[in-house]
Amino acid sequence: MISFIRGILISKREDSIVVECNHIGYEIFVPLSVLSDLPPTANEVKIYTELYVREDILKLYGFISEDDIDVFRKLISVSGIGPKGALGILSSMSPDALRLAVLTENVTAISQAKGIGKKTASKLIIELKDKLKPIDINNFRDDVSILGSKSSFIEEAILALTTLGYSQTESLNAVKHCKDTSSTEKILKNALSNLAKE
């Protein structure tokens, strides 16, 4: 298996890139998020890869981080979702946003991805609920106020909302009005509902 490729970025295409390594040009299919994060051509890049082999198909898929490729692998493990569908999902939302959508059973958010309907999104949520770990809040710990509470559920919910793009103030206010704080999932569902009303 090819774990990663380090080489010179030769070109960027609509859904793929070409990286030259040891005088060989590798075409690697990537989500839009990777295309926007890459440096200009002629620069060195390191791309984590997954070799997809099916009968007459042999393609490389690539990502900037190991976390991204781990999520990609979990997505293609869901029956009915191939690499193209997985790329579509990761082009429309970050891995953290996907985790949050799965955790809160947000079918609408996932079905926004190209080629993913609500039925497939629902199936994905069921199959990945136990495979996708909740957002790793250690990556986002800072000086967030926890409303004077020691509850890890509230803390996780606030940090999850901030990683989704809401400001700390918006997140705190949304969580503040949640009546049921018995789990992170319930807080997030209520908080997102509160934010949608604003």
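Given the criteria surrounded by 18 or more Cβ atoms within 10 Å (Cβ to Cβ) and either under 23 Å from Ser94 (Cβ atoms) or assigned by TED's automatic domain parsing to the domain that holds Val107 (or both), does Leu161 qualify?
yes
Just a yes or no: is a residue in the stretch 55-63 in a loop (DSSP other than H, G, I, E, B) and not aliphatic (A, V, I, L, M)? Looking for residues that are in a loop (DSSP other than H, G, I, E, B) and not aliphatic (A, V, I, L, M), one finds at least one in the stretch 55-63, hence yes. Among the residues of the stretch 83-118, those identified as in a loop (DSSP other than H, G, I, E, B) and not hydroxyl-bearing (Ser, Thr, Tyr) are Met93, Glu105, Asn106, Gln112, Ala113, Lys114, Gly115, Ile116, Gly117. Considering only residues in the stretch 47-71 that are more than 19 Å from Pro95 (Cα to Cα) and not acidic (Asp, Glu), the one that is surrounded by the most Cβ atoms within 10 Å (Cβ to Cβ) turns out to be Leu60. Remark: Lys119 matches the filter, which requires a residue to be among the basic types (Lys, Arg) and without any contact (Cβ under 8 Å) to a residue 12 or more places away in the chain. Go through the residues of the stretch 156-167 one by one and say whether even a single one is outside any helix (DSSP H, G or I), polar (S, T, N, Q) and modelled with pLDDT under 80. For the stretch 156-167, residues outside any helix (DSSP H, G or I), polar (S, T, N, Q) and modelled with pLDDT under 80: present. With respect to Leu75, is the statement that it is touching a Phe, Trp or Tyr at 6+ places or on another chain (Cβ under 9 Å), closer than 19 Å to Glu127 by Cβ and crowded, with 18+ Cβ neighbours inside 10 Å true? So Leu75 fails the test. For Val102, the conditions (1) at pLDDT below 95; (2) touching a strand residue (DSSP E or B) at 6+ places or on another chain (Cβ under 6 Å); (3) β-branched (Val, Ile, Thr) all hold with the exception of (2). Evaluation of Leu75 against the conditions (1) over 22 Å from Leu9 (Cβ atoms); (2) in contact with a Leu (Cβ under 6 Å, 6 or more places away or on another chain); (3) assigned to a helix (DSSP H, G or I) shows that the sole unmet condition is (2).
Scanning the stretch 51-69 for residues that are free of Cβ contacts under 8 Å to residues at least 24 places away in the same chain and under 16 Å from Ser33 (Cβ atoms) turns up Ser65, Glu66, Ile69.
The values are calculated or read from the model by the stated rules, or taken from the named source; none is laboratory data. Just so we're clear, the structure is a prediction, and the values are computed from it rather than from any experiment. Counting neighbours? That spans all protein chains shown, and the Cβs are built from the backbone with ideal geometry, glycine included.
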